[in-house]
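Taking it in order: structure first as structure tokens, then the write-up.
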Amino acid sequence: MKLFKTLLFVAAAGCFSFLLLTCNRQKAPKTVEVPFTAEALGEYKYVGPDTLEVPKCSDSLSAWRAVVEGTGTGTPMGSFTVHFDFCGDTVGHYGDGYAYMVAENGDTLFLDVGGQVFEGKLETHPEYVISYWQDTFYIVGGTGKYEGATGTVMSDDYNSSEDPYSHHHWNGTLLLVEKNK
């Protein structure tokens with residue numbers, strides 16, 4: 001009888017352990033791949049030394065800081081506002097910053113941006129382009145329907161001699177976390 005109780009206890013402990021492991025195992029969220037496009041105009045709110053209230057530039061990207069705010073439209077965000085805050089060096093490299101896009105309903109996408117600005121223009125750019133950057137940006141989360149989002153975006157952006165704005169053209173892929181229904 002004692003052997004039977006011991007075996008029963010071991011079996012019960014084994015079943016309990018199996019249930020705990022099974023219940024605690026997190027399933028990877030399912031994602032849905034969505035084409036991502038956006039066009040925006042950015043207004044330079046600040047370009048200069050990193051003397052703002054909360055300094056952020058460090059190391060090799062500490063020659064200047066830029067803050068840009070803008071508006072645009074795209075898929076799947078619709079109309080949005082965009083905010084950039086980044087640092088740069090003396091030869092056009094930029095990064096060490098953050099960016100986010102906010103849709104009209106308040107849902108937000110967070111971006112990791114960085115790369116290099118080049119003087120001049122490419123053959124595919126309009127004549128008035130004076131500097132450009134074509135860099136890969138990374139989608140690194142969000143809020144609302146963009147919570148947990150990831151993805152990559154290729155920029156085709158430039159500054160113009162005809163206006164004071166930055167012109168943004170983005171194409172890529174957005175991976176949205178599929179919500180349980």
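The values are calculated or read from the model by the stated rules, or taken from the named source; none is laboratory data. As the structure is a prediction and not an experimental result, all values here were calculated from the model. As a convention, Cβ positions derive from the backbone with ideal geometry for all residues, glycine included, and neighbour counts pool all protein chains shown.
For this structure, a couple of remarks:
- Scanning region 47-57 for residues that are within 21 Å of the chain's Cα centre (by Cα) and surrounded by fewer than 17 Cβ atoms within 10 Å (Cβ to Cβ) gives a single hit, 56.
- Boolean, residue 43 is at pLDDT 95 or above, among the charged types (D, E, K, R), part of a loop (DSSP other than H, G, I, E, B) and farther than 28 Å from residue 175 by Cβ: no
- Residue 151 meets all of the listed conditions (1) crowded, with 19+ Cβ neighbours inside 10 Å; (2) at negative phi but one, namely (2).
- Residues within region 46-71 that are touching a residue at least 24 places away in the same chain (Cβ under 8 Å) and farther than 14 Å from residue 117 by Cβ, tallied: 10
- Filtered residues of region 92-127 (kept if exposed (fewer than 14 other Cβ atoms within 10 Å of the Cβ) and within 17 Å of residue 40 (Cα to Cα)): 104, 126
- Residue identified as within 27 Å of residue 31 (Cα to Cα) and either charged (D, E, K, R) or touching a helix residue (DSSP H, G or I) at 6+ places or on another chain (Cβ under 7 Å) (or both) among 89, 163, 156: 156
- The lone exception for residue 169 - which of (1) touching a residue at least 40 places away in the same chain (Cβ under 8 Å); (2) crowded, with 20+ Cβ neighbours inside 10 Å; (3) within 20 Å of residue 66 (Cα to Cα) it fails: (2)
- Every residue from region 69-124 that is closer than 16 Å to residue 157 by Cβ, aliphatic (A, V, I, L, M) and over 13 Å from the mean Cα position of the chain (by Cα): 117, 122
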